[in-house]
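Trainee: First the structure, which I've put down as structure tokens, then a few questions once you've had a look.
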Amino acid sequence: MKQANWIWLDSKIYPDCQKGRPTTFCPPAPYVVARFVKKFTTIEKSAFVKIEADVKYFFYVNGKIVSRGPCAVGGDYGNVTPLGWCFSDKFEIPLINGENTVTVLVMSVPEVQADYSSGYPGLRCEITFGNERIVTDESWLASPAPEYFNYSRYDANRELSTIPDHKAVISDREIKILEKNIPELKYEPAYPVKEYEEDGRKVLDYGKIVAGYVTFDIQSEGGVTVVAEENEVEKRVTFPDTIITKKGLTHYESLLYKSFRFVYIKSDKPCDVKVSVSCPYFPCENEGSFTCSDAVINKIFDCSSNALKMCRQTYHLDSPVHQEPLGCTGDYYIESMMAYAVLGEYSLSELDIIRTAMYLQKTNGYMFHTAYTLIWFKWIREHYLYTGNKALLKKVLPAMETVTSRFLSFAVDGWLDNSPNYMFIDWVPVENFNMHHPPRALGEGSLNAFWYSALNSLGEIYNILSMPEKATKVFTIAESVKRQYKEKLFDNDRGIFKAGTLDKETDQGSMWKPLDPSRKTYYCTQNNILAVAFGIVEGDIATEIMEKVVNDQTLITCQPYFYHFYFIALEKANLLDKYMLPVARKLEEICVNGSLKEVFFGFDCDFSHAWGGTVMYEAIARILGVKPTSKGFETYSVESHLGDLDWAEGVVPTPWGKIKVKVYRENGVVKTETEEIRV
């Protein structure tokens, strides 16, 4: 049977359309949207498509879009080299009895940080229906679509025929094609809740922040410039669309996934603009629920759910605005915990873990954010607890060992004494520094706490895989880190840990590891939270430290990202009933327009950032108190913490079914009722 080929535009006809760039961190390359068309006749009602594209595709059947892709490959911040692999998408398309036209638009260059390319754009596709199979070859017609200047500027007067004039050519490329074990995204429309005029502009208000692809149908006399600004908050521009119309109907579909609440539309001449929005989302079939007696907690939960839905695409986004690659592990770990607890969906997280392992093997254990690399270990351990997937542990163990070897090269007696940097700790400005990339005095403690956690996670995984000698070795290193953490950082006078030690004379400063000429000792919440959360200290001292974290206003504070670890530490310190809900309610500050602001303070940011949504996880794991205690939820605990709530109830998804939980007060006594629903 004939095999599908990689195809592209003919270099003899379109010599300037042949090269792209591997990532957005590379020098600019010509922006090209190529149009590929194939016509065929059939009596079948549907067909199955398998497709790969470099960089992005938009798949149309008989003039209507049916899919966008491909699945993201992974990667890291700042990377400028191709990864060498891509994923196949598979989906079903509708057909009509008679002639059908398949059109595929392919974008030649990355548009967001998460986009990766081989550096040479292309399309590979096969369409199967009945006993027939159509593959990409020279019979497909192909030409540029010059109406697209870039992903947000469109001139309908430059439109060529929808049927290209030239044949595609087969391109010679070698790239590993991977199968993905996740479902295709589904789509749902979003509609404005009101429309009005303001400052000469038409305003569409969707009531809350949504994320999707925006389509414009514009009737005009032609030559009209329409500017549409999609904004998450009022009068804050992100990526505006500029459309120049032709006479009659101009139809423009944005090629960029955007988040917004408001769409502002302004034109330089009269015209009629209709807008539609298609929102992609990752399907979940086992979703749980939560509600309680406190409207504030419910509000935070709902905003977190909305942000998570927008961020769960073909990988876990940090936000639809940034769309950073998989190097932002802290975001994806927290989002995964939210999904485990409430959505009962594990496949997307598993693919993210695998993509991260592939990247780490390729880079010999390097990722841009040093501390985030270590969070990956804890994420893998938690994934196993929820799913029981032992095969995944075996698959990613080589990458974990590669990372461990790299970090041991920075260590002295286990302690990370010569780390290349301490990032990422938190988005907090401190004097002339930021804890994104702090000096030793601000970051040493947190990095070593993450290292301690990673070693313990690795040791536990070794034991699960029946490798006790290796487990003992890493547990021994972890104990050395724990001992030195107390010796080097604990301040007996203040009863709390210093954030780090002073720069050494041999330290070499850099952009990402600045020196601190003030030689000042700092005290922050972050590394103290981690010391308690990860068990470096326990018992009364843990309780005393967390009392200070909550109440000592002189400590450097933390942003919403760090609240996930904050709640773990409160539980370890036996302070959940006292502080969990007051601390959680502070996250109402980041609830904006039905979604989540990235930070409390400090810089201009986005408002669809799911890393602050840990209350979605805490509602299940700590308020209702349902957590797995052995692999795949074979056993679980229910330890409810109602705090000052009158009641809370929810449905908790597990791999084997659901658990209904209701917690309430009766005559001053907290009672918990549970019911298993096994399938």
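Trainee: Cα convex hull of the range 494-636: how many Å³ per residue?
Mentor: Details: hull volume 24.3 nm³, N = 143.
Convex hull of Cα atoms, per residue: 170 Å³.
Trainee: Using the heavy atoms of the protein chains alone and a 1.4 angstrom probe, what is the accessible area of the range 181-259 per residue in square angstrom?
Mentor: On the way: 3470 Å² over 79 residues.
For the range 181-259, the per-residue accessible area is 44 Å².
Trainee: Now, a different point. Find, to one decimal place in angstroms, the Kirkwood hydrodynamic radius of the range 149-188, where the mean of 1/r is taken over every pair of different Cα atoms and then inverted.
Mentor: 15.6 Å
Trainee: Right, another one. Report the convex hull volume per residue for the range 489-571, counting only C-alpha atoms, in Å³.
Mentor: About 119 Å³ per residue, rounded to a whole number.
Trainee: Compute for the range 75-135: radius of gyration divided by Kirkwood radius, i.e. Rg/Rh, restricted to C-alpha atoms, rounded to two decimals.
Mentor: Checking Rg against Rh, the ratio lands at 1.08.
Trainee: With unit charges on the beta carbon (Lys/Arg positive, Asp/Glu negative), name the residue among P398, G69, T245 whose Cα is farthest towards the positive pole of the charge dipole of the chain.
Mentor: Towards the positive end, the residue furthest out is P398.
Trainee: Here is a follow-up. Which pairs break 22 Å Cα to Cα here: K378/K597; K473/K572; K202/K235; K180/K390; K208/K274; K39/K64? It would help to have the intermediate numbers written out before the result.
Mentor: Working: K378/K597 25 Å; K473/K572 26 Å; K202/K235 13 Å; K180/K390 18 Å; K208/K274 20 Å; K39/K64 14 Å.
Pairs exceeding the cut-off: K378/K597; K473/K572.
Trainee: Nothing charged except the Cβ atoms of Lys and Arg (+1) and of Asp and Glu (-1): what's the magnitude of the dipole of the range 333-408 about its Cα centre? Round to the nearest 20 debye.
Mentor: Charge dipole of the range 333-408: 300 debye, to the nearest 20.
Trainee: What ranking of T291, T654 comes out by heavy-atom accessible area, probe 1.4 Å, highest first?
Mentor: In descending accessible area the options line up as T291, T654.
Trainee: For the range 390-424 and the range 252-318, what is the separation of their C-alpha centers, rounded to whole Å?
Mentor: 37 Å
Trainee: First obtain the Kirkwood hydrodynamic radius of the chain from its Cα pairs, then insert it into the Stokes-Einstein equation at 20 °C and 1.002 mPa s, and state the resulting D in µm² per second as a whole number.
Mentor: Stokes-Einstein gives a translational diffusion coefficient of 80 µm²/s.
Trainee: Summarise the accessible area of the range 23-151 (1.4 Å probe, protein heavy atoms) by the percent that is carbon and sulfur. Provide the component values of the computation, followed by the final result.
Mentor: Numbers: 2420 of 4520 Å².
Ligands and nucleic acids excluded, carbon and sulfur give 54 percent.
Trainee: On to the next question. Any number yet on Rg/Rh for the range 251-390, C-alpha, Kirkwood?
Mentor: With Rh from the inverse mean 1/r over Cα pairs, Rg/Rh is 1.06.
Trainee: Another question, if that's okay. If I compute solvent accessible area with a 1.4 Å probe over the protein chains, what percent of it on the range 273-314 is carbon and sulfur?
Mentor: 48 percent
Trainee: On a C-alpha basis, how far is the centre of the range 479-519 from the centre of the range 109-138 in Å? Whole number, if you could?
Mentor: 51 Å
Trainee: On to the next question. Tell me what the chain gives for mean residue ellipticity at 222 nm when only DSSP H runs of n ≥ 4 count, each as -39,500 (n - 2.57), the sum divided by the residue total, rounded to 500 deg cm²/dmol.
Mentor: The per-residue figure over the chain is -8500 deg cm²/dmol.
Trainee: Hey, another quick one. Excluding residues on the same chain fewer than 8 positions from K299, give the aspartates and glutamates whose Cα lies under 17 Å from its Cα.
Mentor: Leaving aside aspartates and glutamates fewer than 8 places away in the same chain, those within reach of K299 are E588, E589, E598, E618, D644, D646, E649.
Trainee: Here's another thing I want to ask about it. Using the Cα centre of the range 266-313 as the reference point, and only Cβ charges (+1 on K/R, -1 on D/E), how large is the resulting charge dipole? Debye, rounded to the nearest 20.
Mentor: Charge dipole, the range 266-313, about its Cα centre: 260 debye, nearest 20.
Trainee: Oh, and also: How large is log10 I(q)/I(0) at q = 0.16, 0.20, 0.26 Å⁻¹ when the Debye formula is applied to the Cα atoms of the range 581-635, each weighted equally and without solvent?
Mentor: -0.59, -0.76, -1.01
Trainee: Might you tell me the accessible area per residue for the range 578-626, computed with a 1.4 Å probe and given in Å²?
Mentor: With all protein chains present, the range 578-626 gives 24 Å² per residue.
Trainee: Rounded if a/c is under 1.5, else prolate if a/b beats b/c, else oblate: with a ≥ b ≥ c from the C-alpha gyration tensor eigenvalues square-rooted, which is the range 579-679?
Mentor: oblate
Trainee: While we're on this one: Which translational diffusion coefficient, to the nearest whole µm²/s, is obtained for the range 117-238 from the Stokes-Einstein equation, given a Kirkwood hydrodynamic radius over C-alpha pairs, 37 °C and 0.692 mPa s?
Mentor: Answer from the Stokes-Einstein relation: 168 µm²/s.
Trainee: Among V669, L645, P655, whose Cα lies farthest out toward the positive end of the dipole of the range 634-679, if unit charges sit on the beta carbon of Lys, Arg (+1) and Asp, Glu (-1)?
Mentor: P655
Trainee: Sticking with this structure for a sec: Quick check on the range 209-248: what does the Kirkwood estimate of hydrodynamic radius come out to from the alpha carbon pairs, in Å?
Mentor: 11.6 Å
Trainee: List the lysines whose Cα sits under 21 Å from the Cα of K176, skipping any in the same chain fewer than 8 residues away.
Mentor: K2, K19, K50, K56, K90, K362, K395
Trainee: Plugging the Kirkwood radius over Cα pairs into Stokes-Einstein for the range 619-669, at a temperature of 25 °C and a viscosity of 0.890 mPa s, what D comes out in µm²/s?
Mentor: The estimated diffusion coefficient comes to 214 µm²/s.
Trainee: Using a probe of 1.4 angstrom, how much of the accessible area of the range 574-679 is carbon and sulfur, in percent?
Mentor: Numbers: 2070 of 4410 Å².
It is 47 percent, rounded to a whole number.
Trainee: Using the eigenvalues of the Cα gyration tensor, what equivalent ellipsoid semi-axes result for the range 370-477 when each is taken as the square root of five times the eigenvalue, whole Å, largest first?
Mentor: Semi-axes from the Cα gyration tensor: 28, 16, 10 Å.
Trainee: If you build the Cα gyration tensor of the range 29-107 and take the root of 5 times each eigenvalue, what three semi-axes come out, in whole angstrom, biggest first?
Mentor: 29, 14, 8
Trainee: Only four residue types carry charge here, +1 at the Cβ of Lys and Arg and -1 at the Cβ of Asp and Glu. Report the dipole size of the chain about the Cα centre in Debye, rounded to the nearest 20.
Mentor: In total the dipole reaches around 1160 debye.
Trainee: Cα convex hull of the range 8-62: mean projected area in nm², to one decimal?
Mentor: About 5.4 nm², averaged over all directions.
The values are calculated or read from the model by the stated rules, or taken from the named source; none is laboratory data. Nothing here was measured: the structure is a model prediction, and the numbers come from that model. With ideal geometry, Cβ positions are generated from the backbone for all residues, glycine too; neighbour counts draw on all protein chains shown. We work out accessible area using only protein heavy atoms, side chains counted, and drop any ligands, DNA or RNA first. Shrake-Rupley method; radii C 1.70, N 1.55, O 1.52, S 1.80 Å.
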